[in-house]
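Working notes for the structure below.
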């Protein structure tokens, strides 16, 4: 009888160990599958190729032209697959830090207010020919590669105004927001898919170095809605 009891206990323990092993194997398999799917999902990141900039005040028009030539945003394809027919539109959000930044913009010598311009949407005198489209399109972005995205005009206006505040020794730390409208070809659905997000950027002058720090939160976006996305 004792032998039968011991045998039953051993069988039960073996069954438990087998079940636990099966559960761990399932968890590992799910983790590996998730890792593979994340690599294959259409993921992009929006970053900048600069972290600070110097003053725009009293600079010639050539300075402005060189700035927009050398400074830009990057649209990076983080996935292992090519992303096709990608369109990205970055638009201003006025009620997110803009009124604070532009409260004395009428005193900024680099701005003009002719032709319907306003305190919140001034004309940059030396950049009247700079009119990048808010909507920029890419036929395709290869896997693990990046494409240039020109700085939107409203963000360049922010830069000029921030350096004016720096000139008058006004320390600032402005949090700004822009809306992000994205469309791309979803190969799994065989159609164009549209999505909306937001990006946050900061302009800061600490009063110690004659430059404005620019922090664009590296935004990682998983375009396939079946996957979770977050801002880092």
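The values are calculated or read from the model by the stated rules, or taken from the named source; none is laboratory data. Given the structure is predicted, the values throughout are model-derived calculations rather than measurements. Cβ coordinates were reconstructed from backbone atoms using ideal geometry, including for glycine residues, and neighbour counts include every protein chain displayed.
Can you confirm whether residue 101 is modelled with pLDDT of 90 or more, assigned by TED's automatic domain parsing to the domain that holds residue 65, touching a helix residue (DSSP H, G or I) at 6+ places or on another chain (Cβ under 7 Å) and more than 17 Å from residue 58 (Cβ to Cβ)? Criteria met by residue 101. When residues in the stretch 105-122 are screened for being closer than 13 Å to residue 157 by Cα, in contact (Cβ under 8 Å) with a residue 24 or more places away in the chain and loosely packed, with under 14 Cβ neighbours inside 10 Å, 1 of them pass. Would you call residue 58 modelled with pLDDT of 90 or more and buried (at least 16 other Cβ atoms within 10 Å of the Cβ)? No: the conditions fail for residue 58. Pairs are defined by a Cβ separation below 7 Å, a sequence spacing of at least 6 or placement on different chains, a first member in the stretch 186-213 that is without any contact (Cβ under 8 Å) to a residue 40 or more places away in the chain, and a second member that is outside any strand (DSSP E or B); the pairs so defined are 195/223; 200/217; 206/171; 207/169; 207/171. In the stretch 133-142 there is at least one residue that is part of a loop (DSSP other than H, G, I, E, B) and under 18 Å from the mean Cα position of the chain (by Cα). Inspection of the stretch 62-77 finds a residue satisfying the criterion of being buried (at least 20 other Cβ atoms within 10 Å of the Cβ) and touching a helix residue (DSSP H, G or I) at 6+ places or on another chain (Cβ under 6 Å). Condition first: assigned to a helix (DSSP H, G or I) and without any contact (Cβ under 8 Å) to a residue 60 or more places away in the chain. Can you find one or more residues in the stretch 43-62 that meet it? Yes: the stretch 43-62 contains one or more residues that are assigned to a helix (DSSP H, G or I) and without any contact (Cβ under 8 Å) to a residue 60 or more places away in the chain. Among the residues here, residue 180 does not qualify as over 18 Å from residue 71 (Cβ atoms) and either touching a helix residue (DSSP H, G or I) at 6+ places or on another chain (Cβ under 6 Å) or part of a loop (DSSP other than H, G, I, E, B) (or both).
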